[in-house]
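The structure under discussion appears below in the form of structure tokens.
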Amino acid sequence: MAGLAAGAGAGGVALVAVLAVWTAVGAGGLVSGAVPEAPELTGCRARACDGKDPESMRCDLPDLVRTPVERTAAGGERVQLRYGTVCGAAWGRVRDGRIGDRVEVVAPGVAPRSVRVLDRFDAEDSLVTPMAAARRPEGVRLCLYPAGGGARERFSA
């Protein structure tokens, strides 16, 4: 009878341990080592990001990105300067663009990166420039060159 009680007690402890882990994970809690650290989530860092796509490199994950500039341009285009804090790179994003619009991100020490709205599908979606390596968003400029040769609009962080 004592062996049966001991077995039941050990089984109860194991059940409580399993339920505690299951509850922590199900409630959004983290189990040590179960989720990679932020730098392990992205595909590049700093200069290695230069010229690459922020979405495919996972530099645009919500907890890893800042938006130091967000404006609506004279033609209605919505532009953003985005900065990946873990990636150490900046990029531009345009929504509600017009066919022919071009957005460019300029960071010190690296080549400017740009994207052009080519067709109605681009205009209906959001487009991002390739990334420009930047130690911080300050000093990075976002330029909109409107379709049809209108005046360039510049935005800085």
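The values are calculated or read from the model by the stated rules, or taken from the named source; none is laboratory data. Values in this document were obtained by computation on a predicted structure and should not be read as measured data. Quick reminder, even Gly has a Cβ in these numbers, built from the backbone with ideal geometry, and neighbours come from all protein chains shown. For the accessible areas, the whole protein counts, side chains as well, though only heavy atoms, and no ligand, DNA or RNA atoms are used. Shrake-Rupley method; radii C 1.70, N 1.55, O 1.52, S 1.80 Å.
Applying the selection to segment 82-111, what residues are over 26 Å from Gly150 (Cα atoms) and without any contact (Cβ under 8 Å) to a residue 40 or more places away in the chain?
Thr85, Gly109
Sort out which residues of segment 41-74 are in a helix (DSSP H, G or I), farther than 18 Å from Gly109 by Cα and open to solvent by less than 50 Å² (accessible area, probe 1.4 Å), and write them in order of number.
Leu64, the sole residue that qualifies.
How many of the residues in segment 24-40 are among the small types (Gly, Ala, Ser) and either at pLDDT 95 or above or not in a loop (DSSP other than H, G, I, E, B) (or both)?
Residues meeting the conditions: 3.
Scanning for something basic (Lys, Arg), outside any strand (DSSP E or B) and open to solvent by 50 Å² or more (accessible area, probe 1.4 Å), does segment 134-141 turn up at least one residue?
Checking segment 134-141: at least one residue is basic (Lys, Arg), outside any strand (DSSP E or B) and open to solvent by 50 Å² or more (accessible area, probe 1.4 Å).
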